[in-house]
Amino acid sequence: MKVLKFGGTSVGSAQRMKNVAKLIAGERKIVVLSAMSGTTNSLVEISDYLYKRNPDGANEIINRLSMKYMEHIEELYGTEEYKQKAKELIKSHFDYIRTFTKDLFTLFEEKVILAQGELISTGMMHLYLNELGVNAVMIPALDYMRTDKNAEPDPIYIKEKLTRLLNEHKDADLYITQGYICRNAYGEIDNLQRGGSDYSASLVGAAIGAEEIQIWTDIDGMHNNDPRFVEGTSPVRQLHFDEAAELAYFGAKILHPTCILPAKLNNIPVRLLNTMQPDAPGTLISNVMEKGKIKAVAAKDNITSIKIKSGRMLLATGFLRKVFEIFENHQTPIDMVTTSEVGVSVTIDNRKHLEEIVDDLKKYGTVTVDENMVIVCVVGDLEWDNIGFEARVVQAMKDVPVRMISYGGSNYNVSLLIKASDKRRALQALSDHLFNNK
Ligand code: ADP
Ligand code: ASP
Ligand code: MG
């Protein structure tokens, strides 16, 4: 069985929902849906008002959003019967959201509010398919998708529960489920972080040993650079799991950073497809590596670099351990590392404990912090005996100040640290140089 995930834009209007219903007709499959585009952002905004104890602000957004849904309903359903059913569905979710405007508001209530977007979109699609006469069955994510005490998905629990739920509905034509939402180890409603519906799809795919996981979005696959910043990008037809994972981790928004791992561990191909152009080939992500090719570039924002420099024998035995331990003690993962005899530079994307980290590092040397940096990651077959590739990357950056370069950590990437203000021109220069022969 295949797992098909449709993102926010793909279900962003009544017309788009109708298109999705056409795309999912045919053989039995599991369909994972995001919230309609803009909804999760509105739910975040509602929560923000409630944290600030401004129920009027929250109510204004709630009313605006629920009116929008009432318009979608008028357009989506053909019969009065189903319009009525859908109106009741929407009303119950928005009445529920309104109950949170009266009491104490905490992280727990916020998670419940954020979950409503996917609950609504799947509820609407379920009703629409039933109106069309499709025997679609809802498999509630909150009944099987679960994280453990470390907030990591619990694959054994997910597999057991999901298999049981699917077996209870063996005669269904189609299964629908929510992306993004889950329960935590204590059974409370939680989520897999923004953009996490991709992760839901790959966890579902891994749990059932799917034949393929399809991520349907608003672009024809993974492009060779970020189309939001660079002109003249083009789709990459084939990627290795590791290449795709690097690109997702280093900022290619088309994929949630962690969604490749479950597919890779279970060797399930992932196909990226375009809802607006369903016949386009998209991108196939699998365990096949195309030799001798630079594939794509991605950029990760909001990076801070920290340099520790000392006149003493800095890299003597145990020094790096002490440095890394400081980051570990403050639960701050490191992205990039470069070393020299007198110093070491690292980057982090979580600044929560920056002050304490810098304080602790000062025991070992002079500490310099650079903020507002970006990691640019060039991905492809970059094995060290493939000569000339790093040279081309560095050559492309000849007019851009580069703070760090990291190569050799894997066979798949070269990473460069630059200023955020240089991001656009650095990405464009890499595209021109590596892909467009300029
Ligand atoms: P969805 O709502 O379907 O999950 P997203 O907005 O999360 O969609 O991801 C699709 C978007 O990712 C595209 O519209 C595009 O702007 C952006 N994007 C960033 N980098 C890339 C890339 N390298 N290739 C394709 N799309 C990318
Ligand atoms: N709806 C969620 C978000 O906007 C999850 C997703 O779309 O993947 O972040
Ligand atoms: Mg997404």
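Computed values, structure above
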read-out	value
Exclusive hit being within 27 Å of N372 (Cα to Cα), of a type in the set (V, I, T) and within 16 Å of ligand 1 (Cβ to nearest atom), set I306, I254	I254
Boolean, V11 is buried (at least 21 other Cβ atoms within 10 Å of the Cβ), over 18 Å from Y69 (Cα atoms) and within 16 Å of ligand 3 (Cβ to nearest atom)	no
R351 surrounded by fewer than 16 Cβ atoms within 10 Å (Cβ to Cβ) and out of contact with any helix residue (DSSP H, G or I) (no Cβ under 8 Å at 6 or more places or on another chain)	yes
Verdict on K170 being more than 16 Å from ligand 1 (Cβ to nearest atom) and in contact with a strand residue (DSSP E or B) (Cβ under 9 Å, 6 or more places away or on another chain)	no
Tally, over segment 12-36, of residues that are closer than 18 Å to I97 by Cα and of a type in the set (G, A, S)	1
Near pairs, Cβ below 6 angstrom, 6+ apart or cross-chain, from segment 223-246 (free of Cβ contacts under 8 Å to residues at least 40 places away in the same chain) to any residue that is crowded, with 18+ Cβ neighbours inside 10 Å	P227/T233; A245/I260
Counted residues, segment 211-237 - those being more than 16 Å from ligand 3 (Cβ to nearest atom) and either in contact with a Lys or Arg (Cβ under 6 Å, 6 or more places away or on another chain) or of a type in the set (F, W, Y) (or both)	4
Wholly enclosed strands (runs of 3 or more DSSP E) of segment 325-438 bearing at least 2 residues charged (D, E, K, R)	366-380
Whichever residue in segment 14-58 is more than 15 Å from E110 (Cβ to Cβ), free of Cβ contacts under 8 Å to residues at least 60 places away in the same chain and under 24 Å from the mean Cα position of the chain (by Cα) and, among such residues, is farthest from ligand 3 (Cβ to nearest atom)	G38
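A short reminder: the numbers here are calculations on the coordinates, not readings from a lab. What you are looking at is a predicted structure, and each value in this text was computed from that prediction instead of being measured. We place every Cβ from the backbone using ideal geometry, glycine too, and count neighbours over all the protein chains shown.
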